[in-house]
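Here the structure is laid out as structure tokens; the discussion comes afterwards.
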Amino acid sequence: MKKRTVALVIACTLTITSGCMPQNGEPDNSTVDIQTTTPATEYEKVSIYLPDENAQNLVSKEVQIEKNDEPMVELVQALVTEKALPAGTEVEKWSVSKDDAPAVILDLNKAFADGILNSGSTGELMMLGSLINTVWKYFEPASITLNVDGEPLETGHNIYDTPFTSPISLTNE
């Protein structure tokens, strides 16, 4: 009885395996291509504010940013790319209240403060104007509180410990 069972198992195994073999007896080494689709990245046009060539006014420029859950990160990165903010500037955290008059709280890293400290009073004004006006245009808030590493921004010229309640008027618009 054991011999019959073993012979039956071997016969079944050979039948199943031979069904997987091509007609010529060679193993099938072909692969199946599985295509995955990545959703297309969506972009949105936004206005950012940059210093003019004389660092006297801010000019608006339309750019495209990735449309995602982190628009503040995208806005700040666009300003860094355009050299309106110091290289290395990054968003640590940010929030926008859901009120009728929303309040924006923006916390940047030390690279932002270091860049302002090394830029003089005109550079400071241009960087802050670029940042505040860009954020203002996008979110249309009632106020913007700006921090660096969780504390109010301090420069050699000012301590920004109260919220901005309007854009910085350095534009020709």
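The values are calculated or read from the model by the stated rules, or taken from the named source; none is laboratory data. None of the values given here were measured: they were computed from a predicted structure. Note that each Cβ is placed from the backbone with ideal geometry, even for glycine, and that neighbours are counted across all protein chains shown. Note: areas computed on protein heavy atoms with side chains; ligands, DNA, RNA excluded. Shrake-Rupley method; radii C 1.70, N 1.55, O 1.52, S 1.80 Å.
Observations on the structure shown:
- Within the option set LYS110, LYS93, LYS83, LYS98, being closer than 22 Å to SER47 by Cβ and open to solvent by 70 Å² or more (accessible area, probe 1.4 Å) holds for one residue only, LYS83.
- Residue check for VAL104: surrounded by 17 or more Cβ atoms within 10 Å (Cβ to Cβ), in a strand (DSSP E or B) and over 15 Å from the mean Cα position of the chain (by Cα): yes
- Applying the criterion of being closer than 22 Å to ASN57 by Cβ and outside any helix (DSSP H, G or I) to the residues of region 119-143, the residue that is least open to solvent (accessible area, probe 1.4 Å) is SER119.
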